[in-house]
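Okay, handing you the structure first.
Only the coordinates and a few stated rules stand behind these numbers; no lab work does. Note that the coordinates shown come from a computational prediction; the quantities given were computed from them, not determined experimentally. FYI the Cβ positions are ideal-geometry reconstructions off the backbone, even for glycines, and counts take in every protein chain you see.
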Amino acid sequence: MRVSFPHMGVLTLGMRTVFERLGQECIVAPPVTQKTIALGAKHSPELACFPFKATLGTMIESLEMGADTIVMATIGGNCRLGFYWPAQQVILKSLGYEFLMLPINYDNPISFLAEFKRFGGGKSWREVLAAFVFGLRKLLAFEEVERLSMRIRAREKVKGATTRAYRAAIGVVDRVREPRDLPRARAEAVGIMNAVELVPGAAPPRVKVLGEAFMLMEPNLNFQLQVTLGEMGVEVDRTYWLGQRIKRAVRLDRAGRRHAERVKREAYPYMRYPDLCTGSESLGEAIVAAKEGFDGAVLLMPFACMPEVLAESLCSRVTAEHGIPVLPVAIDEHSDDGGLRTRLEAFTDLLKMDSDAFARVDGEI
Amino acid sequence: MNALRIGIPRSLYFHRYRPLWVETFRALGHEVVLSPQTSGAILERGLRGCVHDVCLPVKCAYGHVLHLKNDVDALFLPRLMSLRRGTYVCPKIVAFPDLVLGTMDGLPQVLAPEIDYRHGKTHTDALLEAGRALGAGPFSSRVACGAGLAALTGAKPACRARERVAATAGFWSYLTKSRAPSVRIESGAEAVSPRRPGRKTLGVLGRRYVLADSVLSFDLIEKLRRQDVDVLTPESVPAAVADENVSHLPFDLYWTLVAEVVGVARHWLRHSRVDGIIFLLSFECGPDSLIKILLEDVLKDFPSVPYCPLLVDEHAAESGFQTRLEAFLDIVRGTSIASSAVVHDATRSCPRPSAKV
């Protein structure tokens, strides 16, 4: 079986680990580029959402490279994501590809353990579970490194040092082949990040990046937004970490669950629908960010994402009532880097000014 | 308890639950005020006032609320989270009351009880909550709700479906406070008249709140009838039949409209009930954008039946719509050079000269 999957940030590396341990050949598609997106957009209906087109593009590239199984995320919530894989399967079959589509629901890890077992090539439950746990631990380590990089980039003394350290640290964790080597590799990776020289006494503005999961996780779709903000001197944190989500889904992340409950509570006066994927969550996270002293928030979403559009419509009220400026950024296949950069520069300038002077920067790319 | 003016906008799920909602509030002793039929002016107000990236029907509904809000003492905007166990309602409709509450000024009292069949919050519970919020006692609320259910049961259908509510379950549940779904709309036997010779029958797929709205649908059904074409709509197919026709799909169909579009189409095609299919899509409809793909997958098994997707957006001009419709009718009637061809994605639209109607 030659397995492939759409890119979603560091998830690609975690998934590859799992499938390699299950003895399946893993085909990693090329990174998402404008060409990938255009390819997906060509075969998608115009009004389909952006992640649909991007993932379809990656799938076509994987199938061209000889993959015969595609693993795709799905969801039990109230947005279009649950319809991605059936619709993509129809499109790809009509293009003549023969393959198997394997949907997995990250909010229900038990169900996808069963899928892994089915395609584990005769491996026992114990081995499947071990592979899954190994992949998850690696994913958590990758995310920890990424989180650190987003925090320190704004304070780096030498421009680009953080990115170089990030690549080295990711490499260290990626090279681990045995679970017992992972704690040491993780410590080494964190050490590499902490060794980046920082400007002493720097206090950059802090921005929370929230919004739709896929756009938050995949840097090639959001024009490296989190890195760009860091280079503009802003410390960034984001709300969606897939490893943490999976951990929370298997009830191993009590702090995460408490945070999720708090977010739901805060969002209730505005939107009380936890089923709407990350819609209500975005509002709740913005309010929690305001209470935790963040200076601003960026609401990142695919163009016309239904839950996020509803959150966007209410975020001016959140700004008025909680004092945190929110920049909505809607991205689709027609967006370009320059427009986004300009808006981010304007937003960071506002944040760096006196706090009385902020205003919400409106519009789309 | 004074008689209040309760406003209900004539949009979205009102078209399906009108007798239930209107009769319940009337039985409580209040005056029910409906917004008028959608007009160009109402649509314009909605387009200007509402957030941009939502679908056209929601913007139209926003316009209806804007029209009503100053004339009434209270607005009934239920939070429709789920109308059938195991399914969701489209997100934009779910959060529509919150959209109104969060972005509209000058609102009267808003009654927005939750209806969520996934968690046992039934229609009856929501109406009782609304009644109590208006000051009615528990017993009179229940009696009023019963009147509403009776109106929904006995109401002559406005369209071709024969809908029978599980009425006994409804009455019993409101008498005994049971958590069973009290309003489950089940269609009766399919209302199929034999196909008349010499006349064409077209199946029109689309949302009820679009097809029932003459402005949003450009009066499609009336236009077809005036052209001597018989029209079948999704309501004419019982829910059980539609569900059975999508039961082969191997994934969780959490929106009922999959059955309403794909299941209905498959049923019509398998039993040769239609000479052509029109799918009326709204611009920016999230679910439709992907369900379209599933529908076209079903349609490719029946290549001899012409199919026309028509996209309606706020910039569409009626003349363009009319032209495409006539071209499709020519194909259906076989009077076109391209016989039984498929009219491909007719999504280009012309600018609207003026919206005033």
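Compute all pairwise cysteine Cβ distances in chain A, then list the cysteines with no distance under 4.7 Å to another cysteine.
A:CYS26, A:CYS49, A:CYS305, A:CYS315
Would you mind getting me the FRET efficiency between A:ARG147 and A:ASP68? Use the beta-carbon distance for r and R0 = 51 Å, nearest 0.05. Show your work: numbers first, answer last.
Numbers: r = 35 Å, r/R0 = 0.69.
With a Förster radius of 51 Å, E is 0.90.
A:ARG341 label point, 7 Å along Cα→Cβ, cut-off 19 Å on backbone N: hits in the range A:191-219?
Under 19 Å, as judged by backbone N against the label point of A:ARG341, lie A:219 of the range A:191-219.
Follow-up. Defining a contact as two alpha carbons under 8 Å apart and six or more residues distant in sequence, what relative contact order in percent does the range A:99-248 show?
Values: 163 pairs, mean separation 40.8, N = 150.
The normalised contact order for the range A:99-248 reaches 27 percent.
In peptide A:77-84, what is the residue-averaged number of other protein chain Cβ atoms found within 10 Å of each Cβ? Can you show the working numbers first?
Working: counts 3, 11, 6, 7, 1, 7, 13, 1.
Rounded to a whole number, the mean comes out at 6.
FRET efficiency for A:GLN224 and B:MET104, Cβ-Cβ distance as r, R0 = 41 Å, nearest 0.05?
Numbers: r = 38 Å, r/R0 = 0.92.
Result of the calculation: an efficiency of 0.60.
Now a separate question. Please report the relative contact order for chain A, taking Cα pairs under 8 Å with a sequence separation of at least 6, and give it as a percent rounded to a whole number.
Numbers: 600 pairs, mean separation 55.3, N = 365.
Relative contact order of chain A: 15 percent.
Fully extended, how many nm does the chain gain between B:HIS271 and B:GLU222 (0.36 nm per residue separation, minus their Cα-Cα distance)? Each step should come with its number before you reach the end.
Details: separation 49, 0.36 × 49 = 17.64 nm, distance 2.48 nm.
So the extension gain works out to 15.2 nm.
Once phi is turned into ³J(HN,Hα) by the Karplus curve 6.51 cos²θ - 1.76 cosθ + 1.60 with θ = phi - 60°, what whole-Hz value does each residue of the range B:84-98 show in order, with x for glycine and proline?
7, 4, x, 10, 10, 9, 3, x, 5, 7, 3, 8, 4, x, 5
Report, as an integer, the average count of C-beta atoms from other chains found within 10 Å of each Cβ along A:293-306.
Values: counts 0, 0, 0, 0, 0, 0, 0, 0, 1, 0, 2, 9, 3, 12.
Taking all residues of A:293-306 together, the mean is 2.
Calculate, for A:MET1 and A:ALA202, the FRET efficiency according to 1/(1 + (r/R0)^6) with r their C-beta to C-beta distance and R0 60 Å; round to the nearest 0.05.
Details: r = 50 Å, r/R0 = 0.83.
The computed FRET efficiency comes out at 0.75.
At 0.36 nm per residue, minus the direct Cα-Cα distance, what do B:ARG48 and B:ALA317 gain on full extension? Give it in nm, one decimal, please. Spell out each step's value before the answer.
Details: separation 269, 0.36 × 269 = 96.84 nm, distance 1.80 nm.
Here the segment from B:ARG48 to B:ALA317 would lengthen by 95.0 nm.
Helix-derived [θ] at 222 nm for the protein assembly as shown: sum -39500 (n - 2.57) over DSSP H runs of at least 4, divide by residue count, nearest 500? Before the final figure, lay out the partial values.
Values: 29 runs with 335 residues, N = 722.
Per the formula, -14500 deg cm²/dmol.
I've got another one for you. Is any residue of the range A:42-77 close enough, with backbone N under 15 Å, to a label point placed 7 angstrom from the Cα of A:SER111 along the Cα-Cβ axis, and if so, which?
Only A:72-77 pass the distance filter.
Taking the Cα atoms only, what angle lies between the long axis of helix A:161-174 and the longest principal axis of chain A, rounded to 10 degrees?
30
If you don't mind, there's one more thing I want to ask. What's the extension gain from B:SER214 to B:LYS300 if we count 0.36 nm per residue and subtract their Cα-Cα distance? Provide the component values of the computation, followed by the final result.
Details: separation 86, 0.36 × 86 = 30.96 nm, distance 3.03 nm.
Going from the current span to full extension adds 27.9 nm.
Roughly how tilted is helix A:254-267, in degrees to the nearest 10 and between 0 and 90, from the longest Cα axis of chain A?
Compared with the principal axis, the helix lies near 50 degrees.
Label A:ALA161 and B:ARG5 with points 7 Å out from Cα along Cα→Cβ: what is the distance between them in nm?
7.0
Just to be sure I understand the model, the point goes 7 Å from the Cα along the line to the Cβ. What's the resulting B:HIS119 to B:ARG199 distance in nm?
The answer from the label model is 4.8 nm.
May I pose another question? Past the 25 Å Cα-Cα mark, which pairs from B:LYS92/B:LYS292; A:LYS264/A:LYS291; A:LYS35/A:LYS352; A:LYS157/A:LYS208; B:LYS92/B:LYS300; A:LYS53/A:LYS138?
Violating the 25 Å limit, Cα to Cα: A:LYS35/A:LYS352; B:LYS92/B:LYS300; A:LYS53/A:LYS138.
Now a separate question. Note down the nm distance, to one decimal, between modelled labels 7 Å out along Cα→Cβ at B:ASN70 and at A:SER94.
So the two model labels end up 4.8 nm from each other.
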